[in-house]
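Accompanying notes for the structure given below.
The values are calculated or read from the model by the stated rules, or taken from the named source; none is laboratory data. Note that the structure is a prediction, hence the values are computed from the model and not measured. FYI the Cβ positions are ideal-geometry reconstructions off the backbone, even for glycines, and counts take in every protein chain you see.
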Amino acid sequence: MRFWLMKSEPNVFSIDDLVQCPNQTEPWEGVRNYQARNFMREMECGDLAFFYHSNCKETGIVGVMKIVKAAYVDDSALDENSPYFDSKSSVEKPRWCCVDVQFVEKFKRTITLHELKANIELSDFQLVQRGNRLSILPVTDTQWAFIKKPDISFQIS
């Protein structure tokens, strides 16, 4: 099993939206960055991902979801009415993929980016490194365990 972090703007799709989906499952579509797409191609059923709310008042990790369907063609790239339409993608040569994610848990509070950056244990986490804006990132076993540790306090002193 591998671990990931997947970002979404909550005004587009939030963790609460995922909870409201049938079977609490939804395709993670609309990724239009090649590196993020390549990470999705590496995902396997059973992998876990942090759900990260981005581009909002309080950015940070808000919960956990599970990959329940490995990478497949993102049909939104072929739909001219979709905001994710890509005229260079075709049925014969699809450029983009998506995975299906399923809700696992919502945290009691957001673990903010500021808090994540303040922990030396996460200094090698791609999310906290300058200039990293990818919407999907790998998370190491050590990083996952640190963030999920029940007795860890992310309070800034």
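Quick notes on this one:
- If you check K93, K7 for being at negative phi and without any contact (Cβ under 8 Å) to a residue 24 or more places away in the chain, only one passes: K93.
- Scanning segment 83-106 for residues that are acidic (D, E) and either part of a strand (DSSP E or B) or at pLDDT 95 or above (or both) turns up D100, E105.
- If you check A145, A77 for being closer than 20 Å to V12 by Cβ and assigned to a helix (DSSP H, G or I), only one passes: A77.
- Residue selected from segment 8-64 under the condition more than 16 Å from F103 (Cα to Cα) and of a type in the set (G, A, S), by the criterion surrounded by the most Cβ atoms within 10 Å (Cβ to Cβ): G60
- Residues that are outside any helix (DSSP H, G or I), of a type in the set (V, I, T) and either more than 21 Å from C56 (Cβ to Cβ) or without any contact (Cβ under 8 Å) to a residue 60 or more places away in the chain (or both), drawn from segment 108-139: T110, I111, T112
- Residue that is out of contact with any strand residue (DSSP E or B) (no Cβ under 6 Å at 6 or more places or on another chain), at pLDDT 90 or above, under 26 Å from V19 (Cα atoms) and surrounded by 15 or more Cβ atoms within 10 Å (Cβ to Cβ), where the choices are I67, I111, I147: I147
- Of note, L116 satisfies the criterion of being in contact with a Leu (Cβ under 6 Å, 6 or more places away or on another chain), aliphatic (A, V, I, L, M), buried (at least 17 other Cβ atoms within 10 Å of the Cβ) and more than 17 Å from M43 (Cβ to Cβ).
- Filter result for the condition that a residue is surrounded by 11 or more Cβ atoms within 10 Å (Cβ to Cβ), more than 22 Å from R32 (Cβ to Cβ), within 19 Å of the chain's Cα centre (by Cα) and among the hydrophobic types (A, V, I, L, M, F, W, C), over V73, V128: V128
- Scanning segment 9-20 for residues that are outside any helix (DSSP H, G or I) and out of contact with any strand residue (DSSP E or B) (no Cβ under 8 Å at 6 or more places or on another chain) returns N11, V12.
- Evaluation of I152 against the conditions (1) farther than 28 Å from Q20 by Cβ; (2) exposed (fewer than 15 other Cβ atoms within 10 Å of the Cβ); (3) at pLDDT 95 or above shows that the sole unmet condition is (3).
- Taken as a whole, segment 70-84 holds at least one residue that is closer than 26 Å to K148 by Cα, out of contact with any Ser or Thr (no Cβ under 7 Å at 6 or more places or on another chain) and not aromatic (F, W, Y).
- Restricted to segment 49-74, and to residues there that are β-branched (V, I, T) and either in contact (Cβ under 8 Å) with a residue 60 or more places away in the chain or touching a Leu at 6+ places or on another chain (Cβ under 8 Å) (or both), the residue that is farthest from R109 (Cα to Cα) is I67.
- Residue within segment 74-82 that is out of contact with any helix residue (DSSP H, G or I) (no Cβ under 7 Å at 6 or more places or on another chain), modelled with pLDDT of 95 or more and hydroxyl-bearing (S, T, Y) present: no
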